[in-house]
1. Condition (residue is within 14 Å of chain A (Cβ to nearest Cβ), more than 16 Å from residue B:326 (Cβ to Cβ), modelled with pLDDT under 95 and part of a helix (DSSP H, G or I)) applied to segment B:20-37: is it met by at least one residue?
2. Scan segment B:215-244 for residues that are more than 17 Å from residue A:102 (Cβ to Cβ) and assigned to a strand (DSSP E or B) and report the count.
3. Take the conditions assigned to a helix (DSSP H, G or I) and either modelled with pLDDT under 70 or buried (at least 16 other Cβ atoms within 10 Å of the Cβ) (or both) and apply them to residue B:49. Does it pass?
4. Scan segment B:273-313 for residues that are assigned to a loop (DSSP other than H, G, I, E, B) and among the aliphatic types (A, V, I, L, M) and jot them down.
5. Could you check residue B:263 against (1) of a type outside the set (Asp, Glu); (2) farther than 20 Å from residue B:194 by Cα; (3) within 10 Å of another protein chain (Cβ to nearest Cβ); (4) surrounded by fewer than 19 Cβ atoms within 10 Å (Cβ to Cβ) and say which number it fails?
6. Quick one: count up the residues across segment A:93-107 that are within 9 Å of the chain's Cα centre (by Cα) and at the interface with chain B (Cβ under 9 Å from one of its Cβ atoms).
7. Out of all the residues in segment B:197-211, is one or more surrounded by fewer than 24 Cβ atoms within 10 Å (Cβ to Cβ), touching a residue at least 12 places away in the same chain (Cβ under 8 Å), in contact with a strand residue (DSSP E or B) (Cβ under 7 Å, 6 or more places away or on another chain) and farther than 30 Å from residue B:68 by Cβ?
8. Take residue B:216 and tell me if it is surrounded by fewer than 23 Cβ atoms within 10 Å (Cβ to Cβ), within 14 Å of another protein chain (Cβ to nearest Cβ) and in contact with a strand residue (DSSP E or B) (Cβ under 8 Å, 6 or more places away or on another chain).
Amino acid sequence: MIRYLIIMMLLPLKLLSVNVDSFYPYVKQNFLFYQSDRVTAGGAGGGIGVRMNYNQNLFSETDICILWGNGNSIPVTCAIGFQANGVWCPAVSLSSSVLLGQRTELLDQEGNLPSPFIYTINLKLQPFRFKHENKNVSFCDFALGMGPYKGNLLSLTMLSMEF
Amino acid sequence: MKTRSIFNLLIIGFILLSCSQTKPDTRGFENAALVAEDVIAENLMPWIERLALLREQDTPVDNTGFEENDMFPSSHLTRDSAVVMVKNAFITMGYEPYIIELSRNNLTAYNVFAEIRGTELPDEYILVGSHLDAFYAGADDNGSAIAAMLEAARVLKNYSFKRSIRFAAFDLEEFGSVGSTRYVEAGYAHDIKAAIVMDMIGYSSEEENSQDDVMGIRLPDKGDFLFIAGNDNSRKMVQQMTALNYQYNLTKTVGGIAAGDGTSFLGSMFMRSDHGLLWYKNIPAVLMTDTANFRNKNYHKSSDTPESLDPAFLYRNTKALTAATALFAGIQLQQAQ
């Protein structure tokens, strides 16, 4: 499981060696909540990222956020996705997040802490994504994911905007 | 070639990090667990029953300024008889208890203390705290913790420790941790190296779904465990207590570490007792609890009576408290007089 997640995470780096048509930084607002039997993390906040287009439809993106509400949580997410063409350009992507920073932890019976890094694999939908002058703006993105310790991830981005 | 090596190193690094687990320090466990064997189960419930009877006849605290509601029956808070009972109990055990009165805004808190002097580090204190004020009979909240503290005090009096131990019965916790907050703010907590605070440790249930999650933090479905809450500063304490309870079969434990210093929004449920200000002051402190209203439906109700408690659960938790206190205070092998 972990190997697959790592490969997912590093895939965008590998794809960098492919011809990149365009390269766009973006900012986003984010609410993310990860709940599992051992680790609870997340909160609300924002972050920055970069999107790379490989052709008209294939893209990857990587972003880092800082979220508050349960300490300072820092999710780093890498994704590869497929986008439609046109002004309205909804997208779907498969992503992997590493949840860094502070979190609530439950110990096992022997007093051991959970793993310091939590990886999740997520499916993200961006139904309200629009293109204007070659820059994307997206509303109400949401992602569902799963991770260790029977974990579920929910992520909601009210607004992300390329600049 | 070089790129591939870096790629492989990254993968190996991630895998190692994923698999790493920080294990607790188990030194001193054996002696601490031995001390816990001295706890007598039959000593516990009589304290709770006596407190419940005393509260029936006690005059409630003036609740002016504390608006009453279902979860906060402020006109039913008593403490005077508990102050006297706890002080007398310490005297009977051979302690020299003292009361610190802390007044502000026409509200006086009477905190009761008793101490065991350490042999090697007498100026370093392990604080064992619980609140003595209660709504109605207050059997679980907080007669259970007072009983556990008194029994631990009785047992620990027979031993010597490197560090000093301070037993604290805080007043007016139900009005917002008034007694403990004033105690810390007045500078009395400067010598506390670690604290174990208890709030409701006597209620358990074997039924499925008897345990609610706490603010989205997933807990086991069955409410048959003692929850030990800590933060970054008390992470090691929680780990040690959990491991100690497991290795010596003292009590069933779930250890929880709140994010960061525990003062964030989600951590607020972990802070709901007298250890709260200690967390703000970066003093290592843990809370022992049955999770209060997330399990016990008698929370702050007239039905919080001795009959609603699980004496065996309370006994096990008292052993856990005694062992943890002995561990952190540095139990010395030879018994005192």
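The values are calculated or read from the model by the stated rules, or taken from the named source; none is laboratory data. Everything quoted here is computed from the prediction, not taken from an experiment. Cβ sites come from the backbone with ideal geometry, for glycine too, and all protein chains shown count toward neighbours.
1. The answer is no; no qualifying residue exists.
2. 3
3. Numbers: assigned to a helix (DSSP H, G or I): yes; either modelled with pLDDT under 70 or buried (at least 16 other Cβ atoms within 10 Å of the Cβ) (or both): yes.
So residue B:49 passes the test.
4. B:283, B:309, listed by residue number.
5. All conditions are met except number (2).
6. 1
7. No, that holds for no residue.
8. Spelling it out, residue B:216 is indeed surrounded by fewer than 23 Cβ atoms within 10 Å (Cβ to Cβ), within 14 Å of another protein chain (Cβ to nearest Cβ) and in contact with a strand residue (DSSP E or B) (Cβ under 8 Å, 6 or more places away or on another chain).
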